[in-house]
1. Can you pull out the residues in the range 80-99 that are within 25 Å of Ile53 (Cα to Cα) and loosely packed, with under 14 Cβ neighbours inside 10 Å?
2. Any idea which of (1) among the aliphatic types (A, V, I, L, M); (2) surrounded by fewer than 21 Cβ atoms within 10 Å (Cβ to Cβ); (3) over 30 Å from Gly236 (Cβ atoms) is the one Met128 doesn't satisfy?
3. Does the range 44-59 hold any residues that are under 23 Å from the mean Cα position of the chain (by Cα), in a loop (DSSP other than H, G, I, E, B) and hydrophobic (A, V, I, L, M, F, W, C), and which are they?
4. Consider Met128 against the criteria (1) hydrophobic (A, V, I, L, M, F, W, C); (2) in a loop (DSSP other than H, G, I, E, B); (3) at pLDDT below 95: it satisfies all of them except one. Which criterion is unmet?
5. Going through the range 195-213 one residue at a time, which ones are more than 16 Å from the chain's Cα centre (by Cα), free of Cβ contacts under 8 Å to residues at least 40 places away in the same chain and farther than 15 Å from Ala309 by Cβ?
6. Out of the residues in the range 291-301 meeting the condition of being crowded, with 19+ Cβ neighbours inside 10 Å and of a type outside the set (Gly, Ala, Ser), tell me which one is nearest to Ile245 (Cα to Cα).
7. Can you confirm whether the range 234-253 contains a residue that is among the polar types (S, T, N, Q), in contact with a helix residue (DSSP H, G or I) (Cβ under 7 Å, 6 or more places away or on another chain) and over 22 Å from Gln187 (Cα atoms)?
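The values are calculated or read from the model by the stated rules, or taken from the named source; none is laboratory data. What you are looking at is a predicted structure, and each value in this text was computed from that prediction instead of being measured. Neighbour counts run over all protein chains shown; Cβ positions are idealised from the backbone, glycine included.
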Amino acid sequence: MKKLWLIIGMTLLILGGCNEQETLPTEKESSQEIGNSETAFPLTLTDAVGQEITLEEAPTSIISMIPSNTEILFALGLDEEIIGVNDYESYPKEALEKEKIGGMEYNIEKIISLSPDIVFAHESIVSMAESGLQQLRDAGVKVFVVQDAKDFNLTYTTIEQIGRATGKYEEAQAVIEDMKAKVDEIQEKVAKVETKKTVFVETSDVPEIYTPGNGTFMQEILTMVNAENIMADQDGWFQVNPEEIVSRNPDVMLITYDYVEGIVEKVKQRDGFDTVTAIQNDEVVQVDEDATSRPGPRLVEGLEEVAKAIYPEAFSE
């Protein structure tokens, strides 16, 4: 199921990249809008697809349609206000106890029946769920489409915006400042590394090995931890054959999926991989898929996990 969700997610990202709307606010514009009347209600907001909503007061019943939104909402202390979440929630554990409203297909009738004050959708699902989102709007449900953040700075912006929409602006600022402080701490440690390592990131198993290239969260993470993505010469997520991995000979291999039992050992035993430096030096490491890809507070945990996997010596003290 996790592999299916990964493939669908990559497809949505590709589709989203082909259908960017010219009316979307820039990062600077978003930050300016958020900075005005931080916690004042009534509050009017324009979302990632140009839809405007007005909130008379802070919402007391919230539905999240995608796990990254859910993680942000919980980080803001909105446990009691959250009444519905995606079927595939995994964090925090309290999210698993919430009412489920669908996964890759949403139960629109159920969402309407729950009478939420606001539904937080996501730009990455718009092409798949556009008719359902409009059905919600037509039923009088306030829908806010969160921008699909592609880097840390935009993640900060979306956290801030969700905080403002929920009356948790100060809490959002605290989350962001904690994230930035942790990023600085991690980068200070890896900045001392003398020899930059090359890395291959594997997001699915043979026979269809996918990897992230330029313009992805993982690319930014690798750059931030002073490492080199050997596949950065291509954009987005793409399929790569095993021979290409061997040819590029990474110092480290990061595995970001866990749907294959014993995957690290299986990677080491692939035909021809015995010549790869990462295999020879036993530097094939599994990292948490969600923490390294979801645009939310746990991105800093993913950043640290990747940094430790590549440069364990920098964190040994």
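1. Glu80, Glu99
2. Looking at each condition in turn, Met128 falls short on (3).
3. Initially, the range 44-59 is screened for residues under 23 Å from the mean Cα position of the chain (by Cα), giving 45-51.
Then drop every residue that is not in a loop (DSSP other than H, G, I, E, B), which leaves 47-51.
Those that are under 23 Å from the mean Cα position of the chain (by Cα), in a loop (DSSP other than H, G, I, E, B) and hydrophobic (A, V, I, L, M, F, W, C): Ala48, Val49.
4. For Met128, the failing item is (2).
5. Across the range 195-213, the qualifying residues are Thr195, Pro207, Glu208, Ile209.
6. Thr292
7. First, the residues of the range 234-253 that are among the polar types (S, T, N, Q): 234, 239, 241, 247, 249.
So of that shortlist, the ones also in contact with a helix residue (DSSP H, G or I) (Cβ under 7 Å, 6 or more places away or on another chain) come out as 249.
Narrowing the set further to residues that are over 22 Å from Gln187 (Cα atoms) leaves 249.
The answer is yes; a qualifying residue exists.
Yes/no per residue for (1) crowded, with 16+ Cβ neighbours inside 10 Å; (2) modelled with pLDDT of 95 or more; (3) over 21 Å from Leu136 (Cβ atoms):
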site	(1), (2), (3)
Gly35	no, no, yes
Asp47	yes, yes, no
Glu56	no, yes, no
Thr70	yes, yes, no
Leu76	yes, yes, yes
Ile101	yes, yes, no
Glu105	no, no, no
